[in-house]
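I have placed the structure first, in the form of structure tokens, so that the comments after it can refer back to it.
What follows is calculated from the coordinates using simple rules that are stated; it is not laboratory data. Every value quoted in this text rests on a predicted model; they were computed, and no experiment measured them. So basically every Cβ, Gly included, is an ideal-geometry build from the backbone, and we count neighbours across all protein chains shown.
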Amino acid sequence: MNKRIVVTGMGVVSPNGVGVPAFLHAIQNGVSGVKFIPRYEDLNFSCRLAGMPDFNWDTLKNYVSDVTFHGLKGTNIGYGLAAALDAWADSGMSYETEEPRWETGCVFGNSTADTEAMKNVITRVDDKEAKKLGSRVIEQAMNSGVTSYIAGRLGFGNKVITNSAACATGTQAILMGYEYIKHGYAKRMLVGSAEHVDPYVYGAFDSMRVLSRKFNDRPEQASRPMSLTAGGFIPGSGAGALILEDLDFALQRNARIYAEVLGGSANSGGQRLGGTMTAANSTGVIRCINDALTSSGIHPRQIDLISGHLTATNADRQEIQNWSKALGRSGDDFPLINSLKSMIGHCLSAAGSIESVAAVLQIVHQFVHPNINLEDPNPEITNMVSIYCLPLKMIKKEVNIVAKANFGFGDVNSCIVLSKYK
Amino acid sequence: MTRIEILDELKKVFAPYTTNKEMLNSINDDTDLIRDLKINSANLVDIIIDAEAKYNIEIDYDSADKIINVGTCIDVIMEKLNQNK
């Protein structure tokens, strides 16, 4: 059980950068990926903005065969494939294999199949034309569509799991992959998650009145975590993927090592003690963070940076309080904290994996990315933690340990601890 | 429509589903869809749907079962085209 697990490859499809180099540049420079979506205006949504990747669908031809590409409609699957295969190549391995890779498995999450693509299916069936649906619908309608495409392309022969835990999906996938290697069942796991917020899912969030609606004319300023003017989140789409490996296994093949996963925890607040379907039970959140630290064998004081969940709703204040209580740190003593969502919005199931790629990049390149749109920090937050803990500009500094957490609908929590590899 | 004309048209129908594109130009009646053209058996359904749309015909289950190679595929299409007349 004393195996060490390291990150050896990364891939990302983010609203502010497709591919790791573009994404790194974007997060260092505070580049927003939030855009105005004219169609959302036509649909009479209150919020008309989204974090949308500049993803050229035809590039998928570089990843899968023409036969597979023909008939591929699931946007979440396209994002997931690109991020996963980029991560695989980044870790120095070839796509092709004759034998299944028995030592490698996959935990990759998503929320739901592409509802917009499924709409065509529904229309056909209602028109009594089910016969014309063809063979490619089920594989993309099934929730395991993303993992099936990834695992099939790369020939994974170990456990292949599709996880789903709302906004905690991405960090949960990383944690599950970590635990699986830790227990010795696999040597390598491709982990991550994908999300495509189609108009139907978006519309339902819009109806919940949880989205930002006062910045439709200023897309890049609309996602404002921790600010006084935070008025809801901006839905985002994309995917993030990481290659996790048993350290010894990675060293044997001279893999480049980006960072180490020290440990983590996933739990639920049970929708009790203030927790509900949509709100987190703070006791559960604090336990999750504490358990993650214990699992990682680190003291709260060692944390250099928190990569928060921080969606830009009124839950931000409670989240900061939970971190402060869990770590026993406040005021000037609180670690630096940032929210990638200020740049890309809330990528739901993909949030945890894209934000974890950002966390690893901050460790590798020794910087803390800015919180954009935080000119007006919420005083209820700066009463608890120093304003200097909320960087507005990129800070170049030593970053050894990052705590990354996400909290999701259903009162589910997930927290992982990433470290510089030493 | 002659068999030759249908065969030429079928090359376009098969194209998106074969991983053996080089072989497409030299197909004949004996070319096996799965073995030679390396078409995934699940995709035969898609080929039938595409052919139905292209020739404005309906290929029932029993006729579909007869489609194994290029020759039987042309047989079925010709039979259905004649029924339409």
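Relative to the dominant Cα principal axis of chain B, helix B:70-84 is inclined by about 20°.
Can you figure out the FRET efficiency of A:Arg218 with A:Ala22, using R₀ = 30 Å and their beta-carbon distance, to the nearest 0.05? The partial results should precede the final answer.
Details: r = 23 Å, r/R0 = 0.77.
For R0 = 30 Å, the calculated efficiency reads 0.80.
Once you keep just the Cα pairs under 8 angstrom separated by 6 or more residues, what percentage relative contact order results for region B:3-84?
Numbers: 77 pairs, mean separation 26.2, N = 82.
Normalised by residue count, the contact order of region B:3-84 is 32 percent.
In this simple spin-label model, placing a label point 7 Å from the Cα along the Cα-to-Cβ direction at both A:Val125 and B:Asn40 gives a separation of 2.1 nm.
If you take the Cα centroid of region A:1-77 and the Cα centroid of region A:371-422, the two points sit 23 Å apart. Mind running the shape call on region A:266-419? Use the C-alpha gyration tensor, a ≥ b ≥ c as the square roots of the eigenvalues: rounded below 1.5 for a/c, prolate if a/b tops b/c, oblate otherwise. The shape class here is rounded.
Pairs exceeding 22 Å between alpha-carbon atoms, taken from A:Lys61/B:Lys38; A:Lys61/B:Lys21; A:Lys159/A:Lys182; A:Lys159/B:Lys38: A:Lys159/B:Lys38.
Starting from the Cα gyration tensor of region A:10-90, take the square roots of the eigenvalues, sort them a ≥ b ≥ c, and report rounded, prolate or oblate (rounded when a/c is under 1.5, otherwise prolate if a/b is larger than b/c, else oblate). Oblate is the answer for region A:10-90, as a/c is 1.5 or above yet b/c matches or exceeds a/b. Taken over chain B, the convex hull of the Cα atoms encloses 79 Å³ per residue. Of all DSSP-defined beta bridges confined to region A:282-422, some 60% are antiparallel rather than parallel.
Report the extension gain between B:Glu5 and B:Asp32 in nm, rounded to one decimal, defined as 0.36 nm multiplied by the number of residues separating them, less their alpha carbon distance.
Details: separation 27, 0.36 × 27 = 9.72 nm, distance 1.89 nm.
Net length gain for the segment: 7.8 nm.
Give me the distance in nm between label points sitting 7 Å out from Cα along the Cα-to-Cβ direction at B:Asn20 and A:Lys132, one decimal. Once both label points are built, they end up 3.1 nm from each other.
Given the DSSP H assignment, sum -39500 (n - 2.57) over each helix run of at least 4 residues in chain A and divide by its residue total; what's the result at 222 nm in deg cm²/dmol, nearest 500? Present the calculation step by step, with values, prior to reporting the outcome.
Details: 15 runs with 139 residues, N = 422.
Taken over chain A, the calculation gives -9500 deg cm²/dmol.
To the nearest 500 deg cm²/dmol, what mean residue ellipticity at 222 nm is calculated for chain B from DSSP H runs of n ≥ 4 alone, each contributing -39,500 (n - 2.57), summed and divided by the residues? Please list the in-between numbers first.
On the way: 4 runs with 44 residues, N = 85.
Helices in chain B give a 222 nm mean residue ellipticity of -15500 deg cm²/dmol.
Counting Cβ atoms of other protein chains within 10 Å of each Cβ in A:128-137 and taking the mean gives 4.
Got a sec? How would A:Glu103, A:Glu129 order by Cβ neighbour count within 10 Å, fewest to most? Working shown, then result.
Values: A:Glu103 17, A:Glu129 10.
Ordered by Cβ neighbours within 10 Å, fewest first: A:Glu129, A:Glu103.
Averaged over the residues of B:39-46, the number of partner chain Cβ atoms lying within 10 Å of the residue Cβ comes to 4.
Beta bridges assigned by DSSP with both partners in chain A are antiparallel in approximately 65 percent of cases. The mean count of C-beta atoms from other chains within 10 Å of the C-beta of residues in B:11-18, rounded to a whole number, is 2. For region A:343-358 and region A:260-327, what is the centre-to-centre distance using only Cα atoms, to the nearest Å? Cα centroid of region A:343-358 versus Cα centroid of region A:260-327: 17 Å apart.
With contacts taken as Cα pairs under 8 Å at a separation of at least 6 residues, chain A carries a relative contact order of 24 percent.
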